[in-house]
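Presented below is the structure to which this report refers.
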Amino acid sequence: MKPFLSVVIPYYNAPEKLERLLSSIQKSKKAPTFEVIVVDDGSTVSAKLSTGPAARQPQRHPQGDPGGWGPPSRVTPRVLRIVRLNRNHGPAIARNRGVAAARGEFVVFLDGDVEVFPDTLSEIAKVFREDPDVVALTGVWVKEQKSKAFFPNFKALRDWSYWINERDKSGYYFLFSTRIAAIKKAVFERLGGFNETYPAPLVEDIELTYRIARRYAIIFAPSVRVRHEFEGFWPIAKKYFLRAYYWTKLYTKRKKFDPVATTIQEAVTTLSGVAVVVFGGLSVIALISTVGVLTLPVKMMVAAFAGAFGIHLFLIRKFIVFIWNEKGMGFAVRGLCTGLILYCFIFVGALAGKIVYR
């Protein structure tokens with residue numbers, strides 16, 4: 001039987017995460033017919049994946065049975081297939097090779113470090129079945145984190161607030177985020193898939209989003225959820241820098257802001273955040289050099305800092321109120337400071353991209 005959904009997962013040297021993801025997929029309830037295609041992107045660390053007949057042939061499970069990929073029963077055919085690449089190519093190529101092997105009408109993209117909910121696949125199918133005009137959708141990763149550390153929780157709340165509290169609800173399309181997104185296979189193939197010139201997970205999802213949005217809407221489906229455990233500060237800060245750097249190349253061609261990567265308001269928010277850091281630092285230096293005497297230049301510097309801070313606080317007010325309600329005042333203050341630092345990484349990345357791609 002031809003599957004309704006083909007779940008494509010790129011895998012590279014993270015066996016524990018992949019095994020958790022596959023385990024969560026096995027617990028899917030009321031899911032349509034689906035297959036799972038794991039694309040081993042030249043890994044040197046193998047995951048515990050069966051490559052025998054049970055992994056390659058459709059298997060059936062009793063209703064609600066969370067167990068493996070067999071034995072046969074009367075509902076929901078599921079098949080796990082593995083595509084192995086001879087070397088590491090990056091997620092863009094890996095996903096395209098996975099789609100080439102897919103047999104489903106719709107393709108579901110999942111990053112290898114997420115976990116799905118029991119209703120994730122059924123909710124995806126529900127969206128496509130209830131509205132035949134929908135060809136692409138993107139879901140959301142929940143705000144809860146297993147870690148008690150500050151930064152993973154800050155990042156999870158930052159993303160949740162962006163998608164739920166701050167997004168442009170009148171927007172025609174949204175980022176086709178490969179943490180959890182789905183698209184009609186025929187449309188994906190007609191568009192040429194992901195841009196394979198990107199060797200790392202940088203802006204290939206943004207670039208594909210722009211091509212999809214030329215003809216189709218990308219629906220945001222908040223009922224389509226996954227769990228994602230975020231990394232610490234430095235890996236995320238590096239990603240912010242690189243994403244801003246490579247997005248600038250796309251911007252130089254399109255010359256417009258959008259709800260996918262950066263709106264005009266988000267650009268102004270970044271600039272105001274950088275201004276807060278710059279004028280704040282200069283104010284401290286000026287006060288120290290004048291031994292606390294408020295000369296006219298010092299007053300002007302402090303006034304510039306206060307103005308930038310007021311503008312920035314106004315622009316991020318929804319997020320600050322949100323994390324204050326979620327985690328308290330101390331977390332909100334720390335979140336405000338952390339955000340300022342991340343805006344600097346974004347600004348420097350965009351500035352470097354502007355210099356290179358001008």
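The values are calculated or read from the model by the stated rules, or taken from the named source; none is laboratory data. What you are looking at is a predicted structure, and each value in this text was computed from that prediction instead of being measured. Neighbour counts are summed over all protein chains in view; Cβ atoms, including those assigned to glycine, are modelled from backbone coordinates with ideal geometry.
Brief remarks on what is shown
- Qualifying residues in region 213-238 (those that are among the basic types (Lys, Arg) and modelled with pLDDT of 95 or more) - the one nearest to VAL134 (Cα to Cα): ARG225
- Of residues in region 173-220 being closer than 18 Å to LYS253 by Cβ and polar (S, T, N, Q), the one surrounded by the fewest Cβ atoms within 10 Å (Cβ to Cβ): THR197
- Within region 321-333, the set of residues being over 21 Å from the mean Cα position of the chain (by Cα), part of a helix (DSSP H, G or I) and farther than 15 Å from VAL276 by Cα comprises VAL321, TRP324, ASN325, GLU326, LYS327, MET329, GLY330, PHE331, ALA332.
- Any chance TYR343 is in contact (Cβ under 8 Å) with a residue 40 or more places away in the chain, of a type in the set (Ser, Thr, Tyr) and crowded, with 16+ Cβ neighbours inside 10 Å: yes
Every residue, every condition in (1) modelled with pLDDT under 95; (2) hydrophobic (A, V, I, L, M, F, W, C); (3) over 28 Å from LEU137 (Cα atoms); (4) part of a helix (DSSP H, G or I), yes or no:
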{"position": "VAL7", "(1), (2), (3), (4)": "no, yes, no, no"}
{"position": "SER24", "(1), (2), (3), (4)": "no, no, no, yes"}
{"position": "VAL39", "(1), (2), (3), (4)": "no, yes, no, no"}
{"position": "THR51", "(1), (2), (3), (4)": "yes, no, yes, no"}
{"position": "PRO66", "(1), (2), (3), (4)": "yes, no, no, no"}
{"position": "ASN96", "(1), (2), (3), (4)": "no, no, no, yes"}
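Residues checked against (1) under 29 Å from ILE288 (Cβ atoms); (2) of a type in the set (Val, Ile, Thr); (3) in contact (Cβ under 8 Å) with a residue 24 or more places away in the chain:
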| residue | (1), (2), (3) |
| --- | --- |
| VAL302 | yes, yes, no |
| ALA308 | yes, no, yes |
| ILE311 | yes, yes, yes |
| GLY328 | no, no, no |
| VAL333 | yes, yes, no |
| CYS337 | yes, no, no |
| PHE347 | yes, no, yes |
| ALA350 | no, no, yes |
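- Top-ranked residue of region 272-310 - restricted to ones that are farther than 22 Å from PHE347 by Cα and small (Gly, Ala, Ser), ranked as surrounded by the fewest Cβ atoms within 10 Å (Cβ to Cβ): GLY292
- Checklist (1) in a loop (DSSP other than H, G, I, E, B); (2) under 16 Å from the mean Cα position of the chain (by Cα) applied to TYR240, failing item: (1)
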